[in-house]
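Taking it in order: structure first as structure tokens, then the write-up.
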Amino acid sequence: MAPPPPSPPSVMFRTVLLLLRVLTAAFLVITVALVSTNTVTLDIQGTYMLAAAVIGLGYAVVQLVFTISQFATGTIHPFNYLFSFYGDKIISYLLATGSAAGFGVSKDLKDTYLALIDFDSTDPVDNFFSKGYASASLLLFAFVSLAVLSVFSSLVLSKRPIQVS
């Protein structure tokens, strides 16, 4: 006899998941906007960070749709448990490395630029590096919220019975 299916997560738990998904997507939208509007012609910095933010944003939108559907219907498709578990882990690592790359490149390029050129705070390149730091910070915040979601998806998956077909 098969075990009874587990009860769906509580409304409060689903609300927290929805809010964290929205927060992650918001951080990533702002990050993509900041990196893509950085207009100084030093195009070395934002490539990896922009790629990580765009991939993370795509994943966040897909998960946001799944979470809204789950919130509206009160049921979760069994595929979504594993997709959330593995997806949250992979994308959170991608966001963490993108943020680290953004911080590292911003600092190294700014130090190199300071060593080569007389630099003051009115220089447009200072705005470039400020946007780089801001977008790397937002990418880090997106990583933190996705890491929390990753812990939640681990908890939800651990409460599911393993079904072998």
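The values are calculated or read from the model by the stated rules, or taken from the named source; none is laboratory data. Keep in mind that this is a model prediction, so the values were computed, not measured. Cβ sites come from the backbone with ideal geometry, for glycine too, and all protein chains shown count toward neighbours. Only protein heavy atoms, including side chains, enter the accessible area calculation; ligands, DNA and RNA are left aside. Shrake-Rupley method; radii C 1.70, N 1.55, O 1.52, S 1.80 Å.
Observations
- The condition (being out of contact with any Cys (no Cβ under 8 Å at 6 or more places or on another chain), open to solvent by less than 60 Å² (accessible area, probe 1.4 Å), modelled with pLDDT of 80 or more and of a type in the set (Val, Ile, Thr)) is satisfied by just one residue among Thr73, Thr67: Thr67.
Here's the yes/no breakdown for (1) of a type in the set (Ser, Thr, Tyr); (2) without any contact (Cβ under 8 Å) to a residue 24 or more places away in the chain; (3) surrounded by fewer than 20 Cβ atoms within 10 Å (Cβ to Cβ):
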{"residue": "Ile90", "(1), (2), (3)": "no, yes, yes"}
{"residue": "Tyr93", "(1), (2), (3)": "yes, yes, yes"}
{"residue": "Phe103", "(1), (2), (3)": "no, no, yes"}
{"residue": "Asp108", "(1), (2), (3)": "no, yes, yes"}
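- Against the conditions (1) under 30 Å from Asn38 (Cα atoms); (2) at pLDDT below 75; (3) open to solvent by 50 Å² or more (accessible area, probe 1.4 Å), Asp123 satisfies every one except (3).
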